[in-house]
Amino acid sequence: MGEPTGDAHVQATETRVDFVHEIAPVIQKRCGECHVGHRAEAGLSFNTRQSLLKAEVIVIGHPEESELVRRISSNDPDERMPPNGPPLDPQTIEKIKLWIAQGAPWEEGYALSPQENQTEPPLKLAEVTIPPADDEVTHPIDRLAREYFRTHNMTFPQVVDDQTFLRRVGFDLVGLPPTPEEVAGFLADSASDKRDRWVRRLLDDRTAYADHWMSFWNDLLRNDYTGTGYIDGGRKQISAWLYQALYNNMPYDEFVRELVAPSSPESEGFMRGIKWRGNVNASQRVELQFAQTTSQVFLGINMKCASCHDSFIDRWKLTDAYGLAAIVAEEPLEIHRCDKPTGQMATPHFLYPELGDIDPNPPPQERLKQYARLLTVADNGRTSRTIVNRIWHRLMGRGLVHPVDMMSQPAWSPELLDYLARYLVDHKWDLKELIYHICTSRIYQAVCDESATPGEEKYVFRGPLPRRITAEQFCDTVWRLTGNSPAKPAFNPPVADRKADFVRASLTAADAFQLALGRPQRDVVVSTRPEVITTLQALNLSIGPRLHEDLEAGARNLLQKFADKPADDLVRHIYLMTLTREPTPAEKQVLTSVLNIESLDIPARNLEAAHVEDLLWMIVMLPEFQTIR
């Protein structure tokens, strides 16, 4: 069909078309019904570059001579392609013409599939062009979000007030709202960069940061201080290593490599999994657990189905799961299908061989190092996208890709996802820098979208979603206010210069109260927690003994602390410590009734402890307290 002309080469040098991000999605969405998969109407199949060339509808280097361009540009309804729906817009047609002029480049090994009319995102991150700034929108994240809002005919949301921002970012970064003194200092600061500085201040608090994020990573890495397997040696903690990694802000690529191919016994518990007692299904052998957990945590892939049989929900096969399992296997591993031996032995194999594969000959430790390297090479955008998506979900209430463990699904903004993934890699995989970048954007600081409903069919991003505080955040806020935290933690971090005012819930063993509020049993990977309150949670909040004990002790402690001050000071302190605001005049009137007094001007020593306990209970029952907005 000939090669591109000189002019085409000049044009190709000026603007290279990204096939997998700019061309393939258009083909999949607009042409897939008739020309992808088993459908090849009129002999045209877009499955591969070879099948496209075989149909002779494009002339390489000469879009003006290509039948494909003529048909997508035609105004004749009997000739125009695609025949259904609106015609392709002029910008898309020009992009396809430029792609043909450049030789119709196609990523090696890439094939279009009819599955759910979607293509799996390419491994390599796209080069994202940031839209220009203006007087109001300067942050790169906001500039990309602004384009999304413009496309959907929406206005950019307003940012929240200072007190709402303080409470949101405090819970998100260190798991606690600010103290009254911190609120006062922040409100008195008139500098335009005070929010940026506050985010940095929170991230620089190494103890508070590590204490808080232990919960996130314990959930994800199924690490805990008590539970199945720890007593009989079938499971090993990584708590000390994990805390130090968070405290020292270990780069994420190093973090992944150390978990997958441990250099010391302290971090090997995740890779070793849980050795269940008795007879277990073949898919729950520790080798298959390794395949499932590493692919889910680091790549956002559900490999559980493929550990038993070829998956029904995505493209992964039984041999893929066993290929990962064989990497860590100490001896030959026979493949079992639906718990029945097949007689076929597994071969160590990486899921994306285009990045490289696993040499089966070295011992397991060397194979693990190969796997760890493939997970974190620069061209493996799947790893960086997955952690970026998890952090975005944590801070915004919903991932750019949803659900977070199905990273083959399309992002609501692929450009923003790849921009953030590239930002992380370019900043040496520094998760704190990624969090800082997100939290200093206007879109993070925007008012919450109260219109979103769970399970809506077509999600449209309008801003951050309201989120329930976690069990640990609930307990920490109550314990700091009441002065009634546990006497000692279940896990004592091995950090010499660590400074903490009280025992944080993330370092305690889960009791019935925390479990009721959603803290999980961590014998499986938990990437998200439920957002809907259950009957068990409601009962524990209303009549549970643990909360009653905390509030009862807290009432006594607060009365002692504020004995020589007006009741108004005590009330304001409680509000600021929990809601990051002062009570309104109308609320103060109600509070005199709750406290059974005529005025909040009386000395706090005259209050009854039972009435102060009622006030505390009333506050922690408020949706305002239990929700991050």
Quick count over region 225-248, residues being open to solvent by 40 Å² or more (accessible area, probe 1.4 Å), modelled with pLDDT of 95 or more and not in a helix (DSSP H, G or I), is 3
Those residues of region 130-184 which are touching a strand residue (DSSP E or B) at 6+ places or on another chain (Cβ under 7 Å), more than 28 Å from residue 505 (Cβ to Cβ) and not in a loop (DSSP other than H, G, I, E, B) amount to 159
In the set 505, 487, 496, the lone residue that is over 26 Å from the mean Cα position of the chain (by Cα) and closer than 18 Å to residue 242 by Cβ is 496
A careful count of residues in region 35-52 that are assigned to a loop (DSSP other than H, G, I, E, B), under 17 Å from residue 66 (Cβ atoms) and over 35 Å from the mean Cα position of the chain (by Cα) gives 2
- Task: Might you check whether a residue that is of a type in the set (D, E, K, R), under 20 Å from residue 577 (Cβ atoms) and assigned by the TED database to the domain that holds residue 416 occurs anywhere in region 140-157?
- Result: no
Exception for residue 153 within (1) under 25 Å from the mean Cα position of the chain (by Cα); (2) open to solvent by 10 Å² or more (accessible area, probe 1.4 Å); (3) of a type outside the set (Phe, Trp, Tyr) falls at (1)
Picked from region 79-101 (must be of a type in the set (D, E, K, R) and in contact with a helix residue (DSSP H, G or I) (Cβ under 9 Å, 6 or more places away or on another chain)), the residue least open to solvent (accessible area, probe 1.4 Å) is 80
On the basis of being within 13 Å of the chain's Cα centre (by Cα) and outside the structural domain of residue 299 (by the TED database), does residue 443 make the cut?
no
In region 304-334, residues that are modelled with pLDDT under 95 and under 20 Å from residue 257 (Cβ atoms) total 0
Scanning region 299-352 for residues that are acidic (Asp, Glu), in a loop (DSSP other than H, G, I, E, B) and surrounded by 13 or more Cβ atoms within 10 Å (Cβ to Cβ) gives 310, 314
Going through region 25-53 in order, the residues found to be in contact with a Cys (Cβ under 9 Å, 6 or more places away or on another chain) and surrounded by 15 or more Cβ atoms within 10 Å (Cβ to Cβ) are 40, 44, 46
Is it the case that region 273-285 has a residue that's at pLDDT 95 or above and hydroxyl-bearing (Ser, Thr, Tyr)? no
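The values are calculated or read from the model by the stated rules, or taken from the named source; none is laboratory data. Worth saying up front: this structure is predicted, and the values here are computed from it rather than measured. Every residue, glycine as well, gets a Cβ built from its backbone with ideal geometry; the counts of neighbours run over all protein chains shown. Ligands, DNA and RNA are stripped out before the accessible areas are found, and what is left, the full protein with its side chains, is counted by its heavy atoms. Shrake-Rupley method; radii C 1.70, N 1.55, O 1.52, S 1.80 Å.
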